[in-house]
Amino acid sequence: METPAAPHNPAAEPATPETPAAPGTPVSTVRVTVTSPDAMGELGLALAKRLRPGDLVMLTGELGAGKTTLTRGLGAGLDVRGAVTSPTFVIARVHPPLGTGPALVHVDAYRLGGGLDEMEDLDLDVSLPDSVVVVEWGDGKVEELSDDRLHVLIDRATGDTDSTDDDDARVVTLHGIGARWTEADLASLAG
């Protein structure tokens with residue numbers, strides 16, 4: 001017996017120039033499995049090569065998932081000044097470039113309750129055009145900053161083994177949202 005085909009779902013298809021995605025719909029999605037904190041940092045280093053001034057990167061994941069470790073790799077790849085550490089208690093840190101690249105603005109929105117209104121004091125809209133802005137815990141708070149953004153979801157990988165070797169494994173899903181990400185080479189990150 002033949003299995004019926006799944007119903008057509010245009011939202012699940014990648015956008016093309018002829019069929020633009022609705023605002024907020026991913027136009028590019030890539031999944032990468034990392035097996036250690038070092039591998040998470042290396043993913044950040046590789047991702048940094050695809051970033052440019054004006055990019056907004058939102059990081060989502062539970063405490064200890066690797067958001068700051070990924071951002072540390074981004075900072076190394078962008079060649080910025082200063083140690084990239086969690087900005088939990090200062091809310092935001094600006095890391096100026098050591099060379100000609102963009103600055104890295106690293107924000108931790110965990111303790112901020114409201115949406116963009118509560119974030120206005122950070123002046124992220126002013127920083128965004130000339131910097132790469134990375135916001136941890138930004139869901140529902142910073143999407144209005146840009147129609148084009150990269151949403152990175154970090155999940156602990158789960159398996160059937162009892163081995164503690166898998167404790168550091170993570171599945172990182174990158175959703176490129178907006179026209180900026182239609183041509184970005186995110187797929188090579190999975191290779």
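What to note about this one:
- Using a Förster distance of 22 Å, the FRET efficiency for ASP130-ARG81 (Cβ separation, nearest 0.05): 0.90
- Gain on full stretching of the segment that runs from GLU183 to LYS49 - 0.36 nm per residue minus C-alpha separation: 46.9 nm
- Phi to ³J(HN,Hα) by Karplus 6.51 cos²θ - 1.76 cosθ + 1.60 over the stretch 71-77, Hz, x for Gly, Pro: 5, 4, x, 4, x, 5, x
- Residues ARG50, ARG170, ARG156, sorted by accessible area with the largest first, give ARG156, ARG50, ARG170 [1.4 Å probe; ligands and nucleic acids excluded].
- By accessible area with a 1.4 Å probe, ligands and nucleic acids excluded, highest first: order of TRP137, TRP181: TRP137, TRP181
- Theoretical gain in end-to-end length, GLU42 to VAL94 [0.36 nm per residue, Cα-Cα removed]: 16.6 nm
The values are calculated or read from the model by the stated rules, or taken from the named source; none is laboratory data. What you see is a predicted model, and the numbers here were worked out from it, not measured in a lab. Counting neighbours? That spans all protein chains shown, and the Cβs are built from the backbone with ideal geometry, glycine included. Please note that ligands, DNA and RNA were not included when accessible areas were found on the heavy atoms of the full protein model with its side chains. Shrake-Rupley method; radii C 1.70, N 1.55, O 1.52, S 1.80 Å.
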